[in-house]
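So the structure is just underneath, and the comments pick up after that.
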Amino acid sequence: MDHDSLADRRAVIRVPAGHDAFADATTDAAAAGDETATADEDVTVARVGPTGIGALDPLVTATADGETAFYADPGVDLTSEVAADLADGTVGATGDPLTVVDHDPDAATLPVPEDTALGVGLRRLLRGAGWHRPTDPGDHAAAGGFADAGLEDVVTAADGLVGRGWGDWCHDEDVSPTLDRARDAFGDVAVVVNAHGTAADALLAESVPFSVLEGADLLATALDAERVVLYLSEADETARERIETAAERYSDPETAFEVVAGPAVHRAAEPTMALEAIEGNHRLEARLRRPGELPVLDGAPALVHTARTVAHLGARVRDKLAGLTPAGRMDTRIVTVTGDVASPATVELAGTERLDAALEAVSVTGEFKAACVGGRFGGLTDSLAVTPTPFGLTHDDLGTEGVVEIVSDERCLVEFVGRRAQRAADTNCGRCVPCREGATQLTELLRDVYDGDYHRERIEELLRVMDGSSVCAFGVEAARPARTAMDVFESEFEAHADGRCPASVCFEPVEVPQ
Ligand code: SF4
């Protein structure tokens, strides 16, 4: 494929897509709606996707001759001045850039400024985020994308790849056996990319959609698939639009991509409910899963993987074609830090790093008290000294969803888990008793704590039933916040049973008689 790429341009100013004022400030032509327009004969204005680091948004970068200046939220006037300087061949002389980085003049991926939040972890799947035009295939191609791979390359690359996120049919498990079963299946096969509801998957779809599409296309090629469906939440409008446009511009895919939006509710990301939503069923209920069986979409066997998983597959294929052995290959985990932070951040950590490394990308508001690791129904912990791998996280009874929600000392953990239980009671699909009734009873038992009735054994017994008997991962995981909070922060439950809230959140102050 022959594509136009920013890596070939002399000088480029990158402004965030969706912030038209920035692009307008640098060139009138950009206002016409093109993704790329010429501000000056030699300066290209490119609208790029987010980097994942909220504190730097909107980020503007100015690049020429192997130098890039980074400006965090520079404002429209300064952006205009930066563009004018760039036209004169100057980088970083205007305003007060966050940093200026020297790099290869033909850099096809983001030159990472190590001294900023962008330098946290390593950027493998996110290497084009903030650098590539999301819907222009040229930048992905220049970075080695659109690998010319065969079936054997895909099968080898999939070996040992672990499914990322609860929306993946192979959550925390090797994807290869499922791929083998799909290859052996009779009839038409479908590939479903589940990018519903998780910040990391939405970021990939919004910022580097070609990475996701390429991974899906590689799977489709390996399976000779009849359908490839990209499934996102109705709430992630930008991600949906970007991946839809990128899909239209994808050159010669094995199968045309379909984009489907599902309801913006947490449970709609569960793989079998995702299939229900894609089939157009309005009442989303989980399907039973039998060991060794493939999921089914409109009667056809399907693979259901998250955007993270398929993007990893693409990266592994590229590594293989580059001659990197599995030992030299670096699998990563994408982690979003949110909660009591000034701005959320999504970073990519090596499997050998600890989760607390991700905290360097955010500013915690208040004192760190706890973190809920693993998404809405993650585990509560007072320490992030754990690797972000399934082994490390499940050993500590934490979730592997790639979300770390910070809880500051101004929040109450009994209230926190009570609200999560209430959420589970309000939003489960209602199909099975352990989850439906269990979440309601859990909410009541946690309310009883406020009345002085804290019965840990009773709560634990209920959580065991939810964990062991729920039909889908929703009910299994809904048990985790309360279980881990009682393990690590039991004194808070005991204090509430005594009528005290250590965070001074739950009880009205008692007036002391004079
Ligand atoms: S575990 Fe909850 S969400 Fe899953 S099938 Fe049962 S009731 Fe529905």
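The values are calculated or read from the model by the stated rules, or taken from the named source; none is laboratory data. Note that the coordinates shown come from a computational prediction; the quantities given were computed from them, not determined experimentally. Positions of Cβ are generated from backbone atoms using ideal geometry, with glycine treated the same way; all protein chains shown enter the neighbour counts. We work out accessible area using only protein heavy atoms, side chains counted, and drop any ligands, DNA or RNA first. Shrake-Rupley method; radii C 1.70, N 1.55, O 1.52, S 1.80 Å.
Couple of notes before you dig in:
- Some residue of region 359-375 being in a strand (DSSP E or B) and of a type in the set (Lys, Arg): yes
- Filtered residue count, region 1-39, keeping only those that are modelled with pLDDT under 75, surrounded by fewer than 16 Cβ atoms within 10 Å (Cβ to Cβ) and more than 16 Å from HIS140 (Cα to Cα): 7
- Conditions (1) away from the ligand (no atom under 16 Å from the Cβ); (2) outside the structural domain of SER469 (by TED's automatic domain parsing); (3) touching a strand residue (DSSP E or B) at 6+ places or on another chain (Cβ under 8 Å): number failed by GLY375: (1)
- Members of region 467-507 that are in contact (Cβ under 8 Å) with a residue 24 or more places away in the chain, assigned to a helix (DSSP H, G or I) and among the acidic types (Asp, Glu): GLU477, ASP487, GLU490, GLU492, GLU494
- Flag if PHE210 is aromatic (Phe, Trp, Tyr) and surrounded by 24 or more Cβ atoms within 10 Å (Cβ to Cβ): yes
- Against the test of being more than 25 Å from ASP174 (Cβ to Cβ) and touching a Gly at 6+ places or on another chain (Cβ under 9 Å), the options ALA357, ALA370 yield a single qualifying residue, ALA357.
- The residues listed here are GLY418, GLY392, GLY468; of these, the one that is within 13 Å of the ligand (Cβ to nearest atom), out of contact with any Gly (no Cβ under 7 Å at 6 or more places or on another chain) and either within 23 Å of TRP166 (Cα to Cα) or at pLDDT below 95 (or both) is GLY468.
- Count of residues meeting criterion [charged (D, E, K, R) and under 25 Å from HIS282 (Cβ atoms)] in region 423-457: 5
- Meeting the requirement of 1 or more residues that are more than 16 Å from the ligand (Cβ to nearest atom) and under 19 Å from SER176 (Cα atoms), the strands (runs of 3 or more DSSP E) wholly within region 268-356 are 300-306, 332-339.
- Members of region 301-322 found to be open to solvent by 20 Å² or more (accessible area, probe 1.4 Å) and of a type outside the set (Lys, Arg), listed by number: PRO301, ASP319, LEU321, ALA322
- Among the numbered conditions (1) among the aliphatic types (A, V, I, L, M); (2) within 19 Å of the chain's Cα centre (by Cα); (3) crowded, with 23+ Cβ neighbours inside 10 Å, the only one that LEU275 does not meet is (2).
- Among the residues of region 422-461, those identified as away from the ligand (no atom under 13 Å from the Cβ), buried (at least 19 other Cβ atoms within 10 Å of the Cβ) and in a helix (DSSP H, G or I) are THR443, LEU445, LEU446, VAL449, ILE459.
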